[in-house]
1. Where the only charges are on Cβ atoms (+1 Lys, Arg; -1 Asp, Glu), what is the dipole of the chain about its Cα centre, to the nearest 20 debye?
2. Using a simple charge model, +1 on the beta-carbon of Lys and Arg, -1 on the beta-carbon of Asp and Glu, nothing else, what dipole does segment 1-61 show about its Cα centre, in debye to the nearest 20?
3. How much length would be gained if the chain were fully extended between Asp28 and Val8, taking 0.36 nm per residue of separation minus their Cα-Cα distance, in nm to one decimal?
4. Just reorder Glu43, Glu11 by solvent-accessible area, largest first, 1.4 Å probe, all chains present.
5. For Asp93 and Ala55 in one chain, what is 0.36 nm times their gap in residues minus the Cα-Cα distance, to one decimal in nm?
6. Subtract the Cα-Cα distance of Glu43 and Lys101 from 0.36 nm times their separation in residues, and report this length gain in nm to one decimal.
7. If you wrap a convex hull around the Cα atoms of segment 1-89, how much volume per residue is inside, in Å³?
8. Across segment 70-85, in residue order, what do the Karplus-derived ³J(HN,Hα) couplings come to in whole Hz, using 6.51 cos²θ - 1.76 cosθ + 1.60 with θ = phi - 60° and x for Gly and Pro?
Amino acid sequence: MSQNRAAVHAERAAYWYEEMRKAGVAPDDVTFNTLISKAGSEERAAYWYEEMRKAGVAPNDVTFNTLISKAGSEERAAYWYEEMRKAGVAPDDVTGKFLTKRGFSSF
């Protein structure tokens, strides 16, 4: 997908999130995982992660795997992995795949 098209998808996702809020629909993990996934940068994904926390929605393996995959550096991937552990979310095979790609030999 082109960068321009990805930006459009991210804007649409944010638009529908706001429409949900206006309609009184409570966001859930699927809502936030979609927003994190559609984010065009790690910075924007981190913004949605913080919104998720503020809304009291628990992150899951999909949340952290997506954040790790969007990490801009090995240090940032390690940060998201540590956040995953702090949240009590167990890593899975996908986590291992993303961390191995980042050069981690054990986790």
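1. Taking the Cα centre of the chain as origin, the dipole is about 180 debye.
2. Using only the charged Cβ atoms, the result is roughly 180 debye.
3. In short, 5.0 nm is gained.
4. Glu43, Glu11
5. That pair, Asp93 and Ala55, stretches by 10.9 nm at full extension.
6. Separation in residues times 0.36 nm, less the Cα-Cα distance, equals 18.9 nm.
7. Per residue, the Cα convex hull of segment 1-89 comes to 84 Å³.
8. My calculation for segment 70-85 gives 8, 4, x, 7, 4, 4, 5, 4, 5, 4, 5, 5, 5, 4, 4, 5 Hz in order.
The values are calculated or read from the model by the stated rules, or taken from the named source; none is laboratory data. This structure is a prediction, so every number in the text was calculated from the model and none was measured. Here Cβ is always computed from backbone atoms with ideal geometry, including for glycine, and neighbour counts include all displayed protein chains. What goes into the accessible areas is simple: the full protein's heavy atoms, side chains included, and nothing from ligands, DNA or RNA. Shrake-Rupley method; radii C 1.70, N 1.55, O 1.52, S 1.80 Å.
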